[in-house]
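Structure record follows, encoded as structure tokens.
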Amino acid sequence: MSAEERTAGERAAGERAAEERAAGERIAGIFAAAGVEGHLHALDVSGGREIAVRADEQVVIASIFKVLLVLEFTRQAAAGQLDPAERVLVAAEDRLGGWGTAGCADDLEMSLRDLAHFAMQVSDNTAADLLMRRIGLDTVRMLAAELGLTRTRVLGGPRQVLESMLADVGARDDAEFARIFPVLPPERVRALRVLDPDHTTSSTARDMTRLLGLIWRDEAGPPEACAAVRDYMARQIFWTRIASGFPPGTRVAAKTGTLPGLHMEAGVVEHPSGESYAVAVFTRSGELPTRRIDVDLAIGRAARTAVDALRAG
């Protein structure tokens, strides 16, 4: 390589680094305007370029852990270790609240693959818990280690989260929790273990984009297993977070996570021109309502800012 070529390469690298820093500053401004503490990591799935804003700090990942759970399910199905059509009874005592089967009045039966579908499409906690029982918590933990997710700690599934919350507020069952929780003072809510990354399932924004990159490159398991996870993620019905930042024609396959004061999403933005970008955004607000459209839209703007910067490079 000639001296001129080296100089040109160094200049281009410097320009890219400057643009990435500027994008990080714009993203930090978006979080500040929304009144949240934000963490973001965005990664060009094929090229490896990245945008990072507090991307290596430990954060609660809530329902985003379901991506890892469903990946382990699709891997076991691809290996013939289980039959995805295997039937599972969803009884009243299995219901954990939230979306999906939690609203059913009667017992129902569905396949393992339909449990995976509901866990991803509507973040059905009951479906995820039953899938976890069949897959095994230890296998999910081993998968995280195998994939090099060194900062990802899975302490349990949705049932363990619920039991932790019941214990922390002193409720004996769901009905008592429903009566107690709405009148708890904010400081009691903020003290819940499920909101502390040191005491619940947690990871980093960088670990989550690593996971998504491996899935999108068919490096997280057999190609058919990775393709199945991509398909499940594309079925998610929630669009107000990452997807809200992008125009029609841009495909976003993602998984949300929500707890009081915590709003997050990790997904892959597939641009019409063919590039794919893994983005993980985690926010913590001083306000506790779980419905915060302003925070959701800020997540979308931050994701768009990061992807635009990567594309410009």
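Every number here is computed from the coordinates shown, using simple stated rules; none is lab data. Just so it is clear, the model here is predicted, and its values are computed rather than measured. Neighbour counts run over all protein chains shown; Cβ positions are idealised from the backbone, glycine included.
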- Message: Just to verify a number: FRET efficiency for Leu297 and Ala171, C-beta to C-beta distance, R0 = 45 Å, to 0.05?
- Response: 0.85
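At 0.36 nm per residue, and after removing the present C-alpha to C-alpha distance, how many nm does the segment from Ala32 to Arg188 gain when stretched out fully?
On the way: separation 156, 0.36 × 156 = 56.16 nm, distance 2.50 nm.
Extending this stretch completely gives an extra 53.7 nm.
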- How many angstrom lie between the C-alpha centres of segment 235-281 and segment 189-221? 15 Å
- Here the FRET efficiency for Gln58 versus Arg251, based on Cβ atoms and R0 = 25 Å and rounded to 0.05, is 0.25
- What order do you get for 180-188, 123-131, 143-151 when each peptide is scored by the mean count of other beta carbon atoms within 10 Å, highest first? 123-131, 143-151, 180-188
- Query: Going highest first, how would you order 294-305, 48-59, 90-101 by mean Cβ packing within 10 Å?
  - Reply: 294-305, 48-59, 90-101
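Order the peptides 282-290, 71-79, 169-177 from the highest to the lowest mean number of other Cβ atoms within 10 Å of their residues. The partial results should precede the final answer.
Working: 282-290: 16.9, 71-79: 21.7, 169-177: 12.4.
So the peptides 282-290, 71-79, 169-177, ranked by packing, come out 71-79, 282-290, 169-177.
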- With axes computed from alpha carbons, what is the tilt in degrees of helix 112-121 against the longest principal axis of the chain, rounded to the nearest 10 within 0 to 90? 60 degrees
- Task: Measure nothing but the geometry: give the 0 to 90° angle between the long axis through the Cα atoms of 3-34 and the longest principal axis through the Cα atoms of the chain, rounded to 10°.
- Result: 40 degrees
- Note on the structure: The helix 158-169 Cα axis meets the longest alpha-carbon principal axis of the chain at an angle in degrees, between 0 and 90 and rounded to 10, of 70 degrees
- MRE, 222 nm, helices only [DSSP H, n ≥ 4, -39500 (n - 2.57), over the chain, to nearest 500]: -14500 deg cm²/dmol
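Which shape class, rounded, prolate or oblate, goes with segment 36-134 when its Cα gyration tensor gives a ≥ b ≥ c as root eigenvalues, a/c under 1.5 marks rounded, and past that a/b bigger than b/c marks prolate?
Numbers: a/c = 3.27, a/b = 1.66, b/c = 1.97.
In terms of gyration-tensor shape, oblate.
Over 24 Å, how big is the tail of the calculated P(r) for the chain, in percent of all Cα pairs?
Details: 25991 of 48828 pairs.
Result: 53 percent of Cα pairs exceed 24 Å.
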- Message: Please list, in order, the residues from segment 235-278 whose amide nitrogen is less than 20 Å from a point placed 7 Å along the Cα→Cβ vector of His199.
- Response: 258-263
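So for segment 126-187, what are the equivalent ellipsoid semi-axes in whole Å, largest first, each being the square root of 5 times an eigenvalue of the Cα gyration tensor?
Values: eigenvalues 177, 43, 11 Å².
Gyration-tensor ellipsoid for segment 126-187: 30, 15, 7 Å.
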